[in-house]
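All remarks here apply to the structure that follows.
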């Protein structure tokens, strides 16, 4: 996805989002809850993440990406 770097991917993975499909099918409240729990577990705040990457944008971006191939 555009503007997503390795550090963001690592945090998403830590929050349980290891595929674009999981991001695309998530609701904003669900993603906020999961990412909030993840950030709390590492001693940080969801607000830190949301200030850099708006979660609604993340979900929307994952939903509009075309599927290149399916295995």
Conditions (1) in a helix (DSSP H, G or I); (2) surrounded by 10 or more Cβ atoms within 10 Å (Cβ to Cβ); (3) at pLDDT below 90: number failed by residue 1: (1)
Is there any pair linking a residue in the range 38-59 that is on the phi > 0 side of the Ramachandran plot and surrounded by 16 or more Cβ atoms within 10 Å (Cβ to Cβ) to one that is assigned to a helix (DSSP H, G or I) and modelled with pLDDT under 85, with Cβ under 7 Å and at least six apart or on different chains, and which? none
Being touching a helix residue (DSSP H, G or I) at 6+ places or on another chain (Cβ under 8 Å), without any contact (Cβ under 8 Å) to a residue 40 or more places away in the chain and part of a loop (DSSP other than H, G, I, E, B) is the requirement here; does residue 16 meet it? yes
Quick one: how many residues across the range 8-33 are over 20 Å from residue 65 (Cβ atoms) and either surrounded by 13 or more Cβ atoms within 10 Å (Cβ to Cβ) or at pLDDT below 95 (or both)? 3
Quick one: in the range 60-71, which of the residues that are out of contact with any helix residue (DSSP H, G or I) (no Cβ under 6 Å at 6 or more places or on another chain) and assigned to a helix (DSSP H, G or I) is farthest from residue 15 (Cα to Cα)? 64
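The values are calculated or read from the model by the stated rules, or taken from the named source; none is laboratory data. All values derive from a computational prediction rather than experimental measurement. With ideal geometry, Cβ positions are generated from the backbone for all residues, glycine too; neighbour counts draw on all protein chains shown.
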